[in-house]
Every structure is written in structure tokens, then in C-alpha cells.
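The structure appears right after this line, and notes come after that.
The values are calculated or read from the model by the stated rules, or taken from the named source; none is laboratory data. Just so you know, these numbers come straight off a predicted model, no measurement behind them. Every residue, glycine as well, gets a Cβ built from its backbone with ideal geometry; the counts of neighbours run over all protein chains shown. All accessible areas refer to the heavy atoms of the entire protein, side chains included, with ligands and DNA or RNA removed. Shrake-Rupley method; radii C 1.70, N 1.55, O 1.52, S 1.80 Å.
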Amino acid sequence: MGIGTALHNKTRELCQSLRWKEWAGYFAVESYGVCHLPEYYAIREQAGIMDISPLYKYEIKGKDASLFMNYVLAKDVTKIKPKQVSYCVWCDEEGKVIDDGTVFCFSSEHYRVTAANPALRWFQENSPGFEVEIEDVSEEIAAISLQGPKSRDILKRITSAPLDELKYFWFTEDKLAQVDVLISRTGYTGDLGYEIWMKVEEAEKCWDKIMEAGKDYGLRPVGLMALDMARVEAGFILIDVDFYSSKHTMTESQKSFPQEISLGWTVSLKKPHFVGKKAIQEQKRQGFKYQLVGIEIDWDDLERAYEEVGLPPSLPHSAWRCMVPIHHKNRQVGYASSGCWSPNLKKYIALATLEAPYAKIGTDLTMEETIEFSRKKIKAKVVKKPFFNPARKTS
Amino acid sequence: MAEKYDVAIIGAGHNGLIAAYYLAKAGKKVVVFEKKENVGGRCVTEEITEGFRSSVCLDDISLFSKKVFQDLGLKNKGISAATDPLAISLLPGKALIQWRSPQKFAQEIATFSEKDAKEYPKYHEFMDKVAKNLGIACAKTPPDILNLPHSDLVDLGKYWLKLRKMGKRDMLEFLRAASMSARDFLDEWFESDALKGLLAAKALMGNALGPYSPGTAATLFLQHILSYHSASLGHPQGGMGKLSEALEQAGQTYKVEVRKENEVQEILIEEGVVKGVLLQDGTEIHSQVVASSLDPKTTFLKLCSPPKVSLKLRNLVKNVKSQGVSTKINLALKELPHIALVQGAEKEALLSARYFIAPSLEYLEKAFDATKYGRYSENPVIQFILPSFIDPSLAPKNKHVLSITAQCTPFRLREGSWAEHQDKFADIVLEKLGVFLPNLKDIIEHRQVLSPSDLEANFSLNEGHIYHLDHTMDQLFLMRPIPGSAQYRTPLDNLYLCGAGTHPAGMVNGLAGHNAAQKILKDWKG
Ligand SMILES: Cc1cc2nc3c(=O)[nH]c(=O)nc-3n(C[C@H](O)[C@H](O)[C@H](O)COP(=O)(O)OP(=O)(O)OC[C@H]3O[C@@H](n4cnc5c(N)ncnc54)[C@H](O)[C@@H]3O)c2cc1C
């Protein structure tokens, strides 16, 4: 089991359920209360606070920082402006996704990258010849995520940072509780939200200040279970769940091109050489085999299937993460990898990887569901992703 | 429109100039770009202080190839014949003098060990045999054993036959010895610390290696082979810069264009194919072939835009062992230093020799040890020569210059910078020398200290390595500087290497330039 983050003393006091999980070697709260749903509702109705310090963070600095980032990442990094954040993927030489993360641009000579998996070695291996310094600052920088419709109002009480002007996926550097912080309008919930980054020594001070400011707004600490539901609703994929890092797979077929996991938009085939470009270009010519889409499971059909065995319909009240076969007529054409009942949308939704011809919106499919000891096929349909996309996310 | 040449050479050091000569002689339109205002690179003569001139980097052309010497017609260019003795090792109360003749040297050895005196001529004979038979490989492109084209197969066959010609016993002995440490190999032959120290010091100078390091016996063979096939030269009148001028003149006969103060900023690459070079002033020069005499790290990692070089190549290059460990100290002296152990009838001859402070293998190894910990040696290995004694034109009348190379001084210090440490190190060296040159301290008018960091800055030497990269088994012959580029041609189409970092070695012998030119011409024909 892991070690505590810089905020462990805070989160430990609050975690009544004693439900912890390992995240990148750290203790992370699964749910603070015995039931995670109030935490989910906090994200969607008021605000939720999360310790996201376990994220890996790297500083890339030097004359060639931009050239280097443009070479290791699939996106056209030269288009990212100072103070902008960008969601990026990086691939191996075969064009298969290694990891995804956010890139913070300070200047063309200074970037910060967050990653789900350790990336230092990969960046360093690729760096010979580039005038860059790559530093792992994972243990030096702590981070707090504040998500939900009231997050802006809460932050405004404790910082004079120009939050009204701060656009989605941009950041600003300011003070919060006399602490130097970086505030980015980012998050993993698909809602209005911010991530606040500071030196580990000052993390507790910031946490206390935010908690205090959030009292009148129904702010709650939220755990990973609530987050998982929110991210499925937002249509965000998760590494090791919806796709695998090409560095960790056991077989070739477990690897994915970015386009196969709905991340084609993060790939710029127009820019000069980047790691994996040739292979991606070649596959593009042949066509990508898979696509990752959103599906909605038919409520009436689910109810019918349960009724057939004399049971009331049962719903997944927390997000599940396993491979569930998806069929078209009588042939398996893919699998769902995570899903949940969305209390907000009142829909049963899931993320699924399908053979490309079956990925069009509206395609009729069935998803397997275990009902009373046996596998049943329940009607499902390809729908638009994100499932939940409130105007406040970007406004 | 960009100017067009057949071949653009980066760097007008001796290798760049020699490659240019052969290429132009074969009818190619050749341009050489040189960053500095003078040619020669490390082979230069510069003023160290008013009135005193020195070949600031090195004063040694004892390994210069006979073939290149003859081809370029360097005979009447004021280069003297080799000195005799070749080297002198200074030891407490005693000196070991290496005369050119193995028999005469053996007589000197006898005062240290009767047994070694008997063995030495046999050792010399064995080394000569290796040199005689395998020396041809130095003036040729090493075989490409991965692809093994027909001609390389023939070469390999020839080398095998040459090996066999040595006789079964000597062949086996050579194959066994080449991978041994210098210590293990020399211990098998000799018992005298003084003798082993001198032989190893000569071979190991410049490398971040100690005589206990595996594979270092190879440096003894390398040294001997190059020396065997050398033109047996001593000193160019006017210093090493004169040699470089002579090389430049040789090229002029065939219209080699040398453009000084023209630094190459980038090697132009399109889709993996080299198209020419971009100069510092923004001028683009197009050429069929680009040949770089710079070290592989500078060539592949600094002059090429990294995304255009494969990751595999960049990593191979990055891992090349290229940490410089030598510091150069040049002294301007008021008068001739007194060398306590040098006297008698042969004093004149003795004063023109190369001197070493390297009393034993253990001493060498301990000096190297410091490198591992990012420190400089408190008991450095020292080599020095009095060039002004041979060539009085270098200093005012009756005054002298003393040229010292000392190690180990690793480029990467664990604590502090070379700017902070170099004077302290120079003091240590002078203290050591003072034991043998008692009046040295009192006669110094000026001293110039060039740490590895200065060598990098002043002579474009990556990490200050005097040979670009160590002469280790994995960085010699088929592997120098890296597999895939050891035949001078690199994985980047139309880019060749022709400098000290290529086969046969990083010394002043001209063979890298010669061989690279031959390879370029051969590939040109297809
Ligand atoms: C302190 C010291 C001691 C040494 N001792 C010995 C010894 O005892 N015996 C021995 O045989 N050898 C010795 N050497 C090694 C020897 O000097 C070299 O092996 C040899 O001079 C290499 O010649 P070169 O032509 O390959 O390279 P260089 O002489 O280095 O020539 C390269 C040239 O390229 C130029 N250049 C660099 N960058 C650029 C650019 N971007 N654009 C254009 N031009 C550029 C440089 O100015 C230089 O003129 C010693 C070297 C040093 C430094």
C-alpha cells in the first residue's frame, strides 16, 4: 500500500468510510462517506474538493522545449499559447498510445506535463540532442481539484485571480491564502471546475482555506468513486480501464492508435515528424479498425429482461470497470469498458470500443448483462459523447 | 540560389584538410568550413604570452601516417625527423630512457630488471609483428560486418590471412591479449613497475581509462601499430600550426576552398537525406555530400535537428564514452629548466624527448580512480616536452616553452566548476614537476591552463575529450564511433564522418581524413 500525499492529514481526518485506494503509490480516498452518492451530487449541484496530488508532473525547460514537446507529443504544441493548457497524448514509434495528460505552456521554453503513468524515462529516452531539462516534480507539487457549479464562487472568496476572465483550459498564476498558486480551469468531471497547484509545503493551508470558503456552498470532499461517475458522464476515458498504455500491454491487440480511442483530435499529422507519426499516417491510409464511443443501454429492454426472471431492474450505482461484450445481431463487435447509471441524466451509459463500421451514432447493438446467473443481451445504441455537457463547463 | 559543391567538409583540422585534399585531387569540388580564423583545429601554434608561441594543444606528430605524408608531399615542409630517445620516464632518483632501438632500450631496462631487459626485445618483436600484419587495416575503411558487401568480405579475408601469417601461436596470443587489461597483459611480460608504467601511460593518455580497465591492452596495440606505420616525424618547425598550413597549401593545388570564420550551424536534412549545410550567417550551401570532422555528439546531436535523427541513432551517440580527462598547461619560461636526472654527454638528445611521470601501473590506476568520483587526481599522470629546445623560434632567445598534458581531470566535476579548480590543479602539477625540475617554479613567466572545459570551449571538443571519444574496444575499428557509422558513412544519407572520432584513432595521423575520402569516392562510383 502507498504513502500519504501532502494532504493526507486532511483527507484522513475526513474519510469516515476508511475506503482507500492506491493511486500512483499514494493513498487516495474512494469515498469519504459510506455512500459515495452525496459526493457525486456535490460535483454536479454544489462543489466537490479532491486531492489530486498523486498525478505525475514533469517540468520541461530549455531552448528546445517547444521543439521537444512537439516531437514527443502527437499534438501541434507550437499552437499552445502561454498560459494555455492542452490535453495531449504521446505515442510510441508504432503510433500506439502510451499515455495522456495535460500540458501547461508557460513559454516556448517551459512546459509542465501531468501524466497518469510515470513518463520521465520515456521523455528522457527521447531527449538526446534536444536542449531540454526534464525534471520530475511529482513530489514537489501538490494539487487540489475543485469541481462543480459553485467552484468559481468559492474560489472568488479567497483569491483575487481574474477567474471571470479565465477561459476553459487556460491558467493563471496568483495568490490564494497568501500562497503562490497556479489555477487552471481544468478537471476530470466535465463540469465547471478548477485545479489548483502549489508547493507541497503549502498544500494544507490552501486546502483549509478552500474548505472554509466552501462551507456556505455545500462544498464536500469527494472521492474517486464519485469522480468515476462524473468522468463517464463527461465521456472522459481512463488509462488502464478504457485503454491501455502500449508500454504495459501483454499483446499487440491491447494497444491503440489515438484515433481508436476517440483522441484523433489530439493528433496533428500536418506538423513535421513526431514520435509515431509515420505509423499513424500509414494506418490512417488503411483505415482505423476501432472507435471508442458512448452507448446508452435501453431502459425498457433492461426492465423487460429483469422482469422475465421476476426481478425489479437493478442499476449500477457506482461506475463499473470491466470488459463487457457488445454485439451487433449475433456477432461480437466490441466491448464496453466502463459504465454507470447516470443519476443526473437518468440513463444507463457506458464507454465502448467498437469495430469502426458499428460506431456510427444510432447504430443498434446489444450489451451483455448478467441477470440471475446468466448472460442476457440488452438493447443499446451508439449515442453522442459527452453524455453530459453543461454550458457552465466552458462559459 | 544556394551555392553548390560536391563535398562540404565541416572543420579545417588536419583530418578535414586531408580529406579535402584527396577528394579535390580526385576531381571533386570541395569546400571546407572552419569556425575559427585559422586552420588546424587542435594542430595550431598560438601565442601564449608576448614572444612565446606554443602548439597549445599538442606537440606530437610521431604517429603521422607515412602514406599521407608521402601522398601530400610534406617532405620539404620543415618537419624534423623523430627524436631519439622517444620517451623518458622520471622516477625517484632515476630515469628510464626509451631509446628508439629496442636493444638500447633493453640496456636501460636492465638497471631496473635483468629479466625485463631480456624480455623487452621479444615483446617489441611481437608488437612489431602485429603492427606489420594488421597495420594495413588502419589505412582502410573497417568492414561493415552487418551488411558485408563483397569487397568487405574480401578485406575480412585478407585480415584473416594476415593474422594467420603471424603464426598460430602469435595469432592466438594477439586475439587473447587484445581484450585484456593493459595490466594483465604487461604483467605477463614484465616485472618492472617503471617499464610497465611508461608503456601504459603512453598508450592510455587522453582516455578515461586506467590500466586495470578491461580491454586497455588494445590501446598498447593501437599505439604500436600507428607508430609502426608512421612517417617517424619529430617536430614541425614553427609548431603544429605549420603542419596545418602545409596541409592547407597541399589542398590549394587542387582548388580546395577553405572558408575560415564560417561556422556551420546546422546540417540540412530532408527526409533523412543530407542536402548541405546552413552557416551561422544564414547562408545555405548545398552539396552532394557533407563530411563532418567534428565529434559524433556534436555532429548528430547538435548540428542535426533532433527530430530528423532517429531515436536509435541519437541514443547510440548519446551513450558514446566521451568524457575528457586531460588538462593542458603551457608555460613560458625565463630560461631552460634544469631536469635533475638529465645530464652527461647525451643531454642534448635527452632534452628533446617526451617526458612522463607515470612510475607504475598502480599510480596510473589511482590517477584514473578520481575520475569515477568526479574529482581530479591529487597525483596526476604527467607528460611534458620542451618544444623550444628543438625549435628555438618558439620563444625569445634563451627562453623556453614547456608543454604539459596532465590527467586525470574529468570534464564533469562532482563539485564546483573547472573555472574554480583549474588553478589548484595546475599548482598540483607544478608541485609534482618541481620534484624533477627543481628550478621550474622560479623561472615561470606565464602559465596557460586549459581544463577540459576550456578545451571544449576553445577547440569545439565535446566534453573536452582530446580524441573525441575513448579508445576502448567497443569504440575502435568496427565500432568507432558507433556501429552503423564505423565505415565513415552514417545512417543519414550523404553524411560522412571524417574526424578524430572515427577509425583508426583520435590522434594526429591523418588516416581518418584519408580513409573517409576514399570511402566517399568509392560510394560516389556506386
Ligand atoms: C590537449 C590535447 C593533447 C593531445 N595530445 C595528443 C598527442 O599527444 N598525440 C596525438 O596524436 N594526438 C593528441 N591529441 C589529439 C589530436 O589533437 C587530435 O586527434 C587531432 O588534432 C584531431 O584532428 P581533427 O582534424 O580530427 O579535429 P580538429 O583538429 O579538432 O578539427 C576540427 C575543426 O573543426 C572546427 N569546427 C568546430 N565546430 C565547427 C563548426 N560548427 N563549423 C565549422 N568548423 C567547426 C574547429 O575549429 C576545428 O578547426 C591531443 C589533443 C588535445 C586537445
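Here the range B:1-54 and the range A:1-80 have alpha carbon centers that stand 57 Å from each other. Against the empirical curve 2.2 N^0.38 Å, the C-alpha radius of gyration of chain B lands at a ratio of 0.94.
The mean sequence separation of alpha-carbon pairs under 8 Å and at least six residues apart, normalised by the residue count of chain A, gives a relative contact order of 17 percent. Note that the range A:1-138 presents 38 Å² accessible area per residue, ligands and nucleic acids not counted, probe 1.4 Å. Picking from A:Ala42, B:Val435, B:Phe174, whose Cα lies most toward the positive end of the charge dipole for the protein assembly as shown (charges on Cβ: Lys, Arg +1; Asp, Glu -1)? Positive-end residue among those listed: B:Phe174.
Please work out the ratio of the alpha-carbon Rg of the range A:171-210 to 2.2 N^0.38 Å and round it to two decimals.
Cα-based Rg divided by the globular estimate yields 1.16.
Ignoring ligands, DNA and RNA, please state the percent of accessible area on chain B from carbon and sulfur, probe 1.4 Å.
Ligands and nucleic acids excluded, carbon and sulfur reach 51 percent.
Rank B:Leu63, A:Met229, B:Ala194 by how far each Cα sits towards the positive end of the charge dipole of the protein assembly as shown (+1 on Lys, Arg Cβ; -1 on Asp, Glu Cβ) and give me just the farthest. So the residue we want is B:Leu63. For the cross-link pairs A:Lys175/A:Lys270; A:Lys199/B:Lys372; B:Lys202/B:Lys372; B:Lys25/B:Lys202; B:Lys104/B:Lys328, the ones whose C-alpha atoms lie over 28 Å apart are A:Lys175/A:Lys270; A:Lys199/B:Lys372; B:Lys25/B:Lys202; B:Lys104/B:Lys328.
With a 1.4 Å probe and all protein chains left in place, how much accessible area per residue does the range B:103-227 have, in Å²?
Each residue of the range B:103-227 exposes 45 Å² on average to a 1.4 Å probe.
In terms of the ratio Rg/(2.2 N^0.38 Å) built on C-alpha atoms, what value belongs to the range A:290-392?
Values: Rg = 13.2 Å, N = 103, 2.2 N^0.38 = 12.8 Å.
That works out to 1.03 for the range A:290-392.
Over the range A:290-392, accessible surface divided per residue gives 50 Å², non-protein components excluded, 1.4 Å probe.
Relative to the Cα centre, the charge distribution of the range A:1-157, modelled as +1 at Lys and Arg Cβ and -1 at Asp and Glu Cβ, gives a dipole magnitude of about 860 debye. Normalised by residue number, the volume inside the convex hull of the Cα atoms of the range B:404-485 is 133 Å³ per residue. For the protein assembly as shown, the alpha carbon positions stretch 117, 60, 59 Å along the principal axes, listed from largest to smallest. Here B:Lys118 is the anchor, and the aspartates and glutamates within straight C-alpha reach of less than 16 Å, apart from those fewer than 8 places off in the same chain, are B:Glu108, B:Asp187, B:Glu188, B:Glu191, B:Asp193.
Here the relative contact order of chain B, from alpha carbon pairs under 8 Å that lie six or more residues apart, stands at 24 percent. Under a model in which nothing but the beta-carbon of Lys, Arg (+1) and Asp, Glu (-1) is charged, the range B:103-227 shows a dipole of about 440 debye around its Cα centre.
Post the alpha-carbon centroid distance, the range A:271-305 to the range B:126-181, in whole angstrom. Taking the Cα centre of the range B:126-181 as reference, the centre of the range A:271-305 is 58 Å away.
On a per residue basis, the convex hull of the C-alpha atoms belonging to the range B:315-403 measures out at 156 Å³. Here chain A has 50 percent of its accessible surface on carbon and sulfur atoms, given a 1.4 Å probe and all protein chains in place. In the range B:306-328, comparing the full protein assembly with the chain on its own, the residues that lose 40 Å² or more of accessible surface at a 1.4 Å probe are B:Pro306, B:Pro307, B:Leu311, B:Arg314. Of the residues in the range A:117-141, those shielded by at least 10 Å² of accessible area once partner protein chains are present, compared with the chain alone at a 1.4 Å probe, are A:Glu125, A:Asn126, A:Pro128, A:Gly129, A:Phe130. Rounded to the nearest 500, the helix-only mean residue ellipticity at 222 nm of chain A stands at -6000 deg cm²/dmol, with each DSSP H run of n ≥ 4 adding -39,500 (n - 2.57). Here the relative contact order of the range B:1-153, from alpha carbon pairs under 8 Å that lie six or more residues apart, stands at 10 percent.
Accessible area ranking (1.4 Å probe, heavy atoms, ligands and nucleic acids excluded), largest first, for B:Arg480, A:Arg157: A:Arg157, B:Arg480. So how exposed is A:Glu165, as accessible area in Å² (1.4 Å probe, rounded to 10)? Only protein atoms counted, so the area is about 130 Å². In a DSSP loop and with at most 15 other Cβ atoms within 10 Å, the trypsin sites (Lys or Arg not before Pro) in the range B:337-402 are B:Lys397. Within the range B:103-227, all pairs of alpha-carbon atoms sorted by distance into 10 Å bins from zero give the percentages 12, 38, 34, 12, 3, 0. The mean of 1/r over all pairs of different alpha-carbon atoms in chain A, once inverted, gives a Kirkwood hydrodynamic radius of 22.0 Å. The distance linking the range A:184-212 with the range B:61-79 is 73 Å (Cα centroid to Cα centroid, whole angstrom).
Under 25 Å of direct C-alpha separation, and excluding same-chain neighbours fewer than eight residues apart, A:Lys346 reaches these lysines: A:Lys150, A:Lys360, A:Lys376, A:Lys377, A:Lys379, A:Lys381, A:Lys384, A:Lys385, A:Lys393. Straight Cα distances below 17 angstrom link B:Lys162 to the lysines B:Lys129, B:Lys132, B:Lys140, with same-chain residues fewer than 8 positions distant left out.
Taken about its Cα centre, the protein assembly as shown carries a charge dipole of roughly 2260 debye when the Cβ of each Lys and Arg holds +1 and the Cβ of each Asp and Glu holds -1.
The equivalent ellipsoid of the range B:201-248 has semi-axes of 29, 13, 8 Å, largest first, where each one is the square root of 5 times an eigenvalue of the Cα gyration tensor. For the range B:375-425, the calculated P(r), taken from all Cα-Cα distances in 5 Å bins from zero up to the bin holding the longest distance, is 4, 19, 20, 16, 11, 13, 11, 5, 1 percent.
The value given for the range A:122-207 is a Kirkwood hydrodynamic radius of 14.2 Å, derived from the mean inverse Cα-Cα separation.
Between chain B and chain A, the total buried accessible area stands at approximately 800 Å², from heavy atoms with a 1.4 Å probe. With the whole protein complex present, A:Ser127 retains an accessible surface near 20 Å², based on a 1.4 Å probe.
With the whole protein complex present, B:Leu175 retains an accessible surface near 80 Å², based on a 1.4 Å probe. Placing A:Trp265, A:Trp90, A:Trp299 in order of accessible area, with the largest value first and a 1.4 Å probe, yields A:Trp265, A:Trp299, A:Trp90. Diffusion of the range A:19-109 by Stokes-Einstein, at 4 °C in a medium of 1.567 mPa s and with Rh set to the Kirkwood radius over alpha-carbon pairs, works out to 81 µm²/s. For the range B:180-314, the spread of Cα coordinates along the three principal axes comes to 60, 44, 21 Å, biggest extent given first.
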